[in-house]
Amino acid sequence: MLTHLNSLLVSTKLVFSVGGAREGATLLSFDRQVAEIVMTKQDVSMVGFGRRTSVHAAWQWVQTHCETLSSEISSLEMAAGRVLAEDIMSDCNVPGFARAMMDGFAALATDIGGATDFSPVQLKLVGEAWPGQPINRAVQQGEAVQVMTGAPMPAGADVVVPVEMAERLEQPGKPDETVRVSASLPAGKHVGNIGEDIAVGQKVLPRGRRLRPQDLGVLSSIGFPQVPVVKRPKVRLCLTGNELLPAGSHPEKYRITDANSPLLRPLIQRDGGDCLFDGITPDDPDAILEVLQQPADVILVSGGSSVGAEDYAPQLIQKWGELPIHGISMRPSSPAGLGKIGQALVFLLPGNPVSCFCAYDFFAGRAIRTLAGRPKEWPYARTRACLRFDLSSKLGRLDYARVKLVNGEVEPVAIGGASVLSSTTRADGFVLVDENTEGHAAGTEVEVYLYES
């Protein structure tokens, strides 16, 4: 089986982008690494990681095991931010009738040709048209109809003279009124034509589009009270630790407050998932297994993911599912792991908050976005600037360096300190230092991923 898997993976072509650098090649070493890890389940408890998977190989595993979920129907009111599962085609014209685009007077362009302030043209006013209330007669030569913006154009009329270019006149003792036009306008001026906005048979919105508020307005305008959207991944959070107090609690003695669930919830929502969280799970194998076996598309285990005596989750996943990747060549987040239980993807996120944040962003977030039909790449804006100081690293390991932008230069905030979550609040973003370099010297231009879009 290993020979077959190797032969399959060796032929795989893959292109990655890290820190703006692109590499395209037959990634034989990554592929063999994944194949060998898939075939070997090692218990690393109280032993340590004998080997670590590269970030690239972990990304390849995510890509191989993720595909967009099936569709469901959403009401228009609840569809903002959802991803369209099908192309949307219009079966009607918008507008479905010619309409006035200004308040004024509908007339024939041939009647007002040559009209000026010094030589106005007088037309007989034969009625009024309002939005939703057309006039049931055609405009003849020498006639005009007063119209409001959005009103159906009277038959025969082909121009709207705005109110500021015309004057309605009342003639004492005469039942008929007239309008004096003081400007010449071409046919079609200030008239909205049938299908001018959207035409029958037009593709209005493409499959895969994340719906914005203006998209919902368009869908409503063509009669879509419901839309087909990609299902939102159900993401179950298994947060372990007997030392943890509920989020928002004041720390006491030797116990610490849960910082990871408030961190992960909005990230899951940002990436298109629905978070399922029933509170902190005790460091007990049976309790953890119960959470791992509940229905979900993705399970995030925060804490208990490394090699300690009470890190039960890796052993449980190996026993009841598969854990092909455990230990990754990166800093922070090296104890992260990727696997499956049943149909659910499982991501082991370290308990230290920065490591948890980083492992989610690198691996779990990418999977959730893919399942939700969104682009897998980070949803961060990027900028380029030069380093103010040296940024050192170690060959064979990818570093996630928090940085600040100071007077147009990039200043490292912290590289180590996986438990120092405040480093991410002091930072404007992060820089990736590729595993094939020992860092960057001061003055080097680097790509910065910005936390704030």
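The values are calculated or read from the model by the stated rules, or taken from the named source; none is laboratory data. Everything numeric in this text was worked out from a predicted model, so none of it was measured. Cβ coordinates were reconstructed from backbone atoms using ideal geometry, including for glycine residues, and neighbour counts include every protein chain displayed. What goes into the accessible areas is simple: the full protein's heavy atoms, side chains included, and nothing from ligands, DNA or RNA. Shrake-Rupley method; radii C 1.70, N 1.55, O 1.52, S 1.80 Å.
Those helices (runs of 4 or more DSSP H) of segment 340-453 in which 1 or more residues are under 17 Å from I328 (Cα atoms) and either touching a strand residue (DSSP E or B) at 6+ places or on another chain (Cβ under 6 Å) or open to solvent by 40 Å² or more (accessible area, probe 1.4 Å) (or both) occupy 353-359, 365-371. The set of residues from segment 320-339 being closer than 22 Å to C66 by Cα and open to solvent by 50 Å² or more (accessible area, probe 1.4 Å) comprises W320, E322.
Does P350 qualify as being in contact with a Cys (Cβ under 9 Å, 6 or more places away or on another chain) and not small (G, A, S)?
yes
In the condition set (1) closer than 15 Å to L349 by Cβ; (2) open to solvent by 10 Å² or more (accessible area, probe 1.4 Å), L292 is compliant with all but (2).
Summed over segment 354-406, the residues that are among the hydroxyl-bearing types (S, T, Y) and touching a Pro at 6+ places or on another chain (Cβ under 7 Å) give a count of 2. Q63 satisfies every condition listed in (1) open to solvent by less than 60 Å² (accessible area, probe 1.4 Å); (2) polar (S, T, N, Q); (3) farther than 30 Å from A129 by Cα; (4) at pLDDT 50 or above except (1). Within the option set G217, G248, G241, being modelled with pLDDT of 95 or more and not acidic (D, E) holds for one residue only, G217. For segment 164-201, the set of residues classified as in a loop (DSSP other than H, G, I, E, B) and of a type in the set (G, A, S) consists of G173, S182, A183, S184, A187, G188, G195, A199, G201, listed by residue number.
Taken over segment 238-283, the criterion of being open to solvent by less than 60 Å² (accessible area, probe 1.4 Å), of a type outside the set (A, V, I, L, M, F, W, C) and on the phi < 0 side of the Ramachandran plot is satisfied by T240, S249, T257, D258, N260, S261, D271, G273, D274, T281, D283. Taken over segment 315-330, the residue count meeting the criterion of being in contact with a strand residue (DSSP E or B) (Cβ under 6 Å, 6 or more places away or on another chain) and either in a loop (DSSP other than H, G, I, E, B) or farther than 15 Å from A344 by Cβ (or both) is 5. If you take the residues in segment 245-290 that are among the acidic types (D, E) and outside any helix (DSSP H, G or I), which one is nearest to R366 (Cα to Cα)? Looking at residues that are among the acidic types (D, E) and outside any helix (DSSP H, G or I), I get D271. Looking only at residues in segment 70-95 that are in contact with a Leu (Cβ under 8 Å, 6 or more places away or on another chain) and open to solvent by less than 40 Å² (accessible area, probe 1.4 Å), which one is nearest to G201 (Cα to Cα)? Checked segment 70-95; the qualifying residue nearest to G201 (Cα to Cα) is I88. Take V200 and decide whether it is open to solvent by less than 70 Å² (accessible area, probe 1.4 Å), at pLDDT 95 or above and β-branched (V, I, T). Taking the combined requirement at face value, the residue does not satisfy it. Condition (residue is farther than 30 Å from A344 by Cβ, at pLDDT 50 or above, open to solvent by 20 Å² or more (accessible area, probe 1.4 Å) and of a type outside the set (S, T, N, Q)) applied to segment 23-31: is it met by at least one residue? No, that holds for no residue.
May I ask you to list pairs of residues, at least six apart or on different chains, whose Cβ atoms are under 8 Å apart, with the first in segment 52-75 being under 21 Å from K234 (Cβ atoms) and the second being open to solvent by 70 Å² or more (accessible area, probe 1.4 Å) and among the polar types (S, T, N, Q)? Within 8 Å, the pairs are I73/Q226; S74/Q226; S75/Q226.
Screening F118 on (1) open to solvent by 70 Å² or more (accessible area, probe 1.4 Å); (2) touching a residue at least 40 places away in the same chain (Cβ under 8 Å) shows it passes everything except condition (2). For beta carbons closer than 9 Å, sequence separation of 6+ or different chains, a first residue in segment 195-223 that is of a type outside the set (A, V, I, L, M, F, W, C) and a second that is part of a strand (DSSP E or B) and open to solvent by 60 Å² or more (accessible area, probe 1.4 Å), the qualifying pairs are G201/M89; Q202/M89; K203/M89. Evaluate segment 298-307: report whether one residue or more is crowded, with 18+ Cβ neighbours inside 10 Å, among the aliphatic types (A, V, I, L, M), more than 30 Å from V413 (Cα to Cα) and under 27 Å from the mean Cα position of the chain (by Cα). Yes - at least one qualifying residue is present in segment 298-307.
If the condition is being farther than 20 Å from R374 by Cα and open to solvent by 40 Å² or more (accessible area, probe 1.4 Å), then segment 204-225 contributes G217, V218, S220, S221, G223, F224, P225.
Set side by side, the residues V161, V235, V145 differ, and just one is on the phi < 0 side of the Ramachandran plot, of a type in the set (V, I, T), in a strand (DSSP E or B) and touching a Cys at 6+ places or on another chain (Cβ under 6 Å), which is V235. Being at negative phi and either part of a loop (DSSP other than H, G, I, E, B) or out of contact with any Gly (no Cβ under 9 Å at 6 or more places or on another chain) (or both) holds for only one residue in V229, V204, and it is V204.
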